[in-house]
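In what follows, a structure is listed as structure tokens, so that the remarks can point back to it.
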Amino acid sequence: AWQAAREAERLACYQPAITTDGQRIEVVANIGNAVEAEQAVNAGAEGIGLLRSEFLFLQRAEPPSEDEQFAAYSAMTRALNGLPLIIRTLDIGGDKEVPYLSMPAEANPFLGVRGIRLCFARPDLFNTQLRAIYRAASTGPVKIMFPMIATVEELLTARDMAEAVRVELNAPKVDIGIMIEVPSAVLMAAELAQHADFFSVGTNDLTQYTLAMDRLHPSLARQADALHPAVLRMIDLTVKAAKAAGRWVGVCGGMAGDPKGAAILAGLGVAELSMSIPSVAAIKARLRKQSMVDMQALAQRALACRNAASMCWQVMQLRRSSSCRWRWRDWMTR
Ligand code: PEP
Ligand code: MG
């Protein structure tokens, strides 16, 4: 039965994720290279919600040149054949170390010079990457996304640097968004939304910074749960601020590819879910089986929970009330 359900999901993977009451949620993929762009399309992804561009910089002796990066990004737009590609600019630091950058050792690398802070410290790397991205923008629908934005000033500085590159290349304008993965960005979302075209919530980092639990810590892993109501309330605040400013919100952290997480995120008003490639078909199928009204009710109950465990119980109750027995069994297998 389990195999039959997976096969049915695979066969339906190119159908959009439209809920039983007619609401569409965009389901896109997280990738690290051009080969994965093609795999994502074949798996039913409707585009790329997160290119972790730092993967182009890892496991080598020097940074990729502008031409190398242009070749990689344009290979992705070719594979995507008109589907959107969100390129996150370098997110090095924290857990992603790049030895050839010779960055000084830090006592707290997750709170140190990582993400956009490293880009400001190394404008040579950032400008080269921005040039490659703007050149690739003429080959397909590309959007730029800045990681680890914690203040409005950081967003404005990054935007200014991108605009200077764009003008230099006489390239077309592209949408510029930011990752929401730091609590200060959530609390300043209304102001940030004035200068960003979209938000994408990075629940992996948002969970670690909200709960003050290292995302890689072996003994804290069980508690560092993105379904914790504290994290859900952060996402709720973000969506509300973005909607008030007419901006859309996606989620590209691991929570988007989790069946419980996807339903709650959709219910919170998240428009785009970006996940690892193998999750695409299953999440699309799951969303197609549910109504937005039910997911909104579930999200409200989840927000009111005291911890992640009681939230999971709410999800199980929702599925238990389903009239189809096999759907309940399907839940149990996950
Ligand atoms: C996140 O933090 O949720 C995210 C998507 O970014 P990364 O996992 O690459 O830090
Ligand atoms: Mg992150």
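The values are calculated or read from the model by the stated rules, or taken from the named source; none is laboratory data. No experiment lies behind these values; they were computed from the predicted model shown. For neighbour counting, all protein chains shown are included, and Cβ atoms are generated from backbone atoms with ideal geometry for every residue, glycine included. Ligands, DNA and RNA are stripped out before the accessible areas are found, and what is left, the full protein with its side chains, is counted by its heavy atoms. Shrake-Rupley method; radii C 1.70, N 1.55, O 1.52, S 1.80 Å.
Contact map, segment 1-24: first residue free of Cβ contacts under 8 Å to residues at least 12 places away in the same chain, second residue open to solvent by less than 50 Å² (accessible area, probe 1.4 Å), Cβ cut-off under 6 Å, separation 6 or more or different chains; pairs are Arg24/Pro16. Scanning segment 167-178 for residues that are out of contact with any helix residue (DSSP H, G or I) (no Cβ under 8 Å at 6 or more places or on another chain) and within 16 Å of ligand 1 (Cβ to nearest atom) yields a single hit, Gly177.
Would you be able to say whether some residue in segment 39-53 is in contact with a helix residue (DSSP H, G or I) (Cβ under 8 Å, 6 or more places away or on another chain), basic (Lys, Arg) and free of Cβ contacts under 8 Å to residues at least 60 places away in the same chain? The answer is no; no qualifying residue exists. Taking the criterion of being open to solvent by less than 60 Å² (accessible area, probe 1.4 Å) and over 19 Å from the mean Cα position of the chain (by Cα), the residues of segment 9-57 that qualify are Glu9, Ala12, Cys13, Thr19, Gly22, Phe57. Taking (1) over 21 Å from Ala230 (Cβ atoms); (2) open to solvent by less than 10 Å² (accessible area, probe 1.4 Å); (3) not small (Gly, Ala, Ser) in turn, Ile149 satisfies each apart from (1).
Of the residues making up segment 79-101, those that are away from ligand 2 (no atom under 16 Å from the Cβ) and small (Gly, Ala, Ser) are Ala79, Gly82. Summed over segment 287-309, residues that are under 22 Å from Ala29 (Cα atoms) and either open to solvent by less than 10 Å² (accessible area, probe 1.4 Å) or at pLDDT below 95 (or both) total 2.
When restricted to residues that are within 16 Å of Glu36 (Cα to Cα) and open to solvent by less than 40 Å² (accessible area, probe 1.4 Å), segment 59-76 contains 6. Scanning segment 148-195 for residues that are farther than 30 Å from Met255 by Cα, among the hydrophobic types (A, V, I, L, M, F, W, C) and in a loop (DSSP other than H, G, I, E, B) gives a single hit, Ala171.
Can you tell me which residue in segment 126-146 is farthest from Glu46 (Cα to Cα), limited to those that are open to solvent by less than 10 Å² (accessible area, probe 1.4 Å) and part of a helix (DSSP H, G or I)? Result: Phe126.
Mind checking which residues of segment 240-271 are open to solvent by 30 Å² or more (accessible area, probe 1.4 Å) and assigned to a helix (DSSP H, G or I)? Those that are open to solvent by 30 Å² or more (accessible area, probe 1.4 Å) and assigned to a helix (DSSP H, G or I): Lys240, Lys243, Ala244, Gly254, Lys260.
Does Met234 qualify as being open to solvent by 10 Å² or more (accessible area, probe 1.4 Å), within 18 Å of Ala304 (Cβ to Cβ) and within 14 Å of ligand 1 (Cβ to nearest atom)? Yes, satisfied.
Number of residues in segment 101-124 that are more than 16 Å from ligand 1 (Cβ to nearest atom) and either surrounded by 20 or more Cβ atoms within 10 Å (Cβ to Cβ) or within 16 Å of Gly47 (Cβ to Cβ) (or both): the value is 0.
Looking at this structure, is Val186 within 16 Å of ligand 1 (Cβ to nearest atom) and β-branched (Val, Ile, Thr)?
yes
Remark: pairs (first residue in segment 105-131, in contact (Cβ under 8 Å) with a residue 40 or more places away in the chain; second residue more than 16 Å from ligand 2 (Cβ to nearest atom) and of a type in the set (A, V, I, L, M); Cβ separation under 6 Å; 6+ apart in sequence or on different chains) = Leu130/Ala162; Leu130/Val165; Arg131/Val165.
Scanning segment 200-214 for residues that are more than 8 Å from ligand 1 (Cβ to nearest atom) and part of a loop (DSSP other than H, G, I, E, B) yields Ala212, Met213, Asp214. Is segment 197-208 home to any residue that is more than 16 Å from ligand 2 (Cβ to nearest atom), over 17 Å from Leu50 (Cα atoms) and surrounded by 15 or more Cβ atoms within 10 Å (Cβ to Cβ)? No, segment 197-208 contains no residue that is more than 16 Å from ligand 2 (Cβ to nearest atom), over 17 Å from Leu50 (Cα atoms) and surrounded by 15 or more Cβ atoms within 10 Å (Cβ to Cβ).
If a residue has to be within 13 Å of ligand 1 (Cβ to nearest atom) and within 17 Å of Pro109 (Cα to Cα) to count, how many in segment 215-229 make the cut? The number of residues fulfilling the criteria is 2.
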